[in-house]
Amino acid sequence: MKNKETFWLIGTILFVIVFFFRSSGFKSFDLTGSVDINFHETYYVVPSIHVFILTATLIFFMVYLIRMVRRNFKNLTANLIFMISNITLILIFTFLIILANGMREIPGTTKYPPLSGGIIENAGNRWNDVYYVLFGIQLILIILLTLSGIKTGLNYKRAE
């Protein structure tokens, strides 16, 4: 059983590396490399290592979510790898929620100098939608983490 899990872990790591290199090239894996994202009128430059960490976390999350559910939470190693990737994904979504919260305009605040009465209209603001979608995804991730922790704990106690 341990050898099979080692092969799955090595295979997933190799898949992450091949997927990242195939999509972005070898030059972006350099620590000084960057990824340029043009979003409306804003131009973001993100270090490529951050994109690699996000890609690796998402792939590990999906692979080990499927493995954990198919094995009915009986494989302790797969459950632990899933929980680690889930916690990492929760931290990434926390950062994205903070970013989206900083981008959205909060009603009742004033712009300086106040041009039209000073109250910002919040209708049609897409960042509110992004904020709430990210918040919902993070809530689902926390529920998944809780359920997998409970099921892993129950199965681990039965095995002893």
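Structure above, values below:
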quantity	calculated
Of residues in the range 65-74 being touching a residue at least 24 places away in the same chain (Cβ under 8 Å) and not charged (D, E, K, R), the one surrounded by the most Cβ atoms within 10 Å (Cβ to Cβ)	Met68
The range 131-142 - residue that is under 14 Å from the mean Cα position of the chain (by Cα) and more than 12 Å from Ile98 (Cβ to Cβ) and, of those, surrounded by the most Cβ atoms within 10 Å (Cβ to Cβ)	Leu141
Single condition Met62 does not satisfy, out of (1) at pLDDT below 90; (2) surrounded by fewer than 16 Cβ atoms within 10 Å (Cβ to Cβ); (3) among the aliphatic types (A, V, I, L, M)	(1)
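The values are calculated or read from the model by the stated rules, or taken from the named source; none is laboratory data. Here the structure is a predicted model, which means the values were calculated and not measured. Glycine gets a Cβ as well: all are built from the backbone with ideal geometry, and neighbour counts include every protein chain shown.
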